[in-house]
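In what follows, a structure is listed as structure tokens, so that the remarks can point back to it.
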Amino acid sequence: MFDVVTGGAGFIGSHLVDSLVARGRDVLVIDSLCAGKQVTIAGHLASGRVRILQMDLLTDGWQDSLKGAGCVYHLAADPDVRQSAMTPEPTFRNNIAATYRVLEAMRIHGILNLVFTSTSTVYGNATVIPTPENYTPLEPVSVYGGSKLACEALISAYCHSFGMKSWQFRFANIIGARSGHGVITDFVRKLKENQKELEILGDGKQTKSYLEVHECVEAMHFAMAHSKNPVNIFNIGSEDWIDVRSIADILVEEMHLPGVKYRFTGGALGWVGDVPKMQLAVDRIKGLGWKPRLGSRESVRIAVRAALEGQ
Ligand code: NAD
């Protein structure tokens, strides 16, 4: 029996593939490589434990390869929250349409287990922080958050209609080696170009929860092993938060650039659809026996060091 990881050559997907191989699973990665890189799973491809189908989920031809899979981990998506306000179409296609196509392929081939990577942005500007899974109303403020909430709803309907089980993980900001987007990637790129000034989107006071990617993947496996409802929804994040200015400070310290001036673009939001305060309540997964070891600050430092080492 093998598992399928869509988006398995991406940031979180490649770490998930590492963990599945370590657990003795064979893996089929389906990834268009529009953002992912084959090099992230090259060792596994060489060992024969992992195969890759370089295909876009929006095209046909990959569906039959799901036959006989134990579980589909569906991570492929357009994860760019900021861009989703400027050009919503790719978000709709790569998130909602692609998820529908994965569900249909699973239904046709009788694959019953699905893992879906959702997001804290389904909560929008929540008035309860830390925000628990049963918080309402779910009122996303970004096209990206809306697209993920639509996927959650569709997955729920497929689970109840066709006897499937799903684990839907609402991630805080996941960071670490191999990440190709997000605030740390953005700051490292800018500081490599200009060591005198760092542009910070918004007022730098946006305060959010960050979790290192290995912890995230560990939490996913733990939750799956301990929950068996048709639809299992879990927040995954650290138990604290950090503001954007402090992330810049850590980066400047790690790069030994004490003279850098910060230039804030201004306003409470970094971009249209930004959520300036986000921390997830993780009591549900803690109730099963898993808790994050790292806080946001430590996770940021690990991710900054990985980014500076070119990982
Ligand atoms: P990523 O961009 O590194 O990975 C996404 C992968 O999907 C890439 O390898 C890309 O090539 C592939 N892909 C995209 N569209 C595709 C398509 N149509 N067909 C086939 N492959 C396609 O992003 P990531 O940060 O690793 O995110 C993984 C998942 O976790 C996404 O679903 C994202 O929405 C979700 N998520 C991430 C975070 C985070 O902080 N990184 C937070 C919340 C949720």
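The table for this structure:
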| item | result |
| --- | --- |
| Globularity index of region 146-187, i.e. its alpha-carbon radius of gyration over 2.2 N^0.38 Å | 1.65 |
| Amide H contacts under 5 Å for TYR73, placed H, 5+ residues apart | VAL4, VAL5, THR6, VAL115 |
| Folded to 0 to 90 degrees: helix 213-225 orientation relative to the chain principal axis, Cα | 30 degrees |
| For the chain, share of DSSP beta bridges that run antiparallel, in % to the nearest 5 | 5 percent |
| Cα convex hull of region 1-92, projected area averaged across orientations, nm² | 6.0 nm² |
| Selected from SER47, SER296, SER84 as most flexible by GNM, with the chain as the system and alpha-carbon contacts under 10 Å | SER47 |
| Region 224-269 - Rg (one decimal) and Dmax (whole number), Cα, Å | 18.7, 54 |
| Apportionment of accessible area to carbon and sulfur, region 73-115, percent (1.4 Å) | 54 percent |
| log10 of Debye I(q)/I(0), alpha-carbon scatterers only, for region 40-197 at 0.08, 0.17, 0.20 Å⁻¹ | -0.29, -1.15, -1.38 |
| Accessible area of region 197-276 belonging to carbon and sulfur atoms, whole % at 1.4 Å probe | 56 percent |
| Relative frequency of Cα-Cα separations exceeding 22 Å in region 160-294, percent | 47 percent |
| Potential lengthening between LYS196 and ARG263 on full extension [0.36 nm per residue; Cα-Cα distance subtracted] | 23.1 nm |
| Translational D in µm²/s for the chain (Stokes-Einstein at 4 °C, 1.567 mPa s, Kirkwood Rh from C-alpha pairs) | 65 µm²/s |
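The values are calculated or read from the model by the stated rules, or taken from the named source; none is laboratory data. None of the values given here were measured: they were computed from a predicted structure. All accessible areas refer to the heavy atoms of the entire protein, side chains included, with ligands and DNA or RNA removed. Shrake-Rupley method; radii C 1.70, N 1.55, O 1.52, S 1.80 Å.
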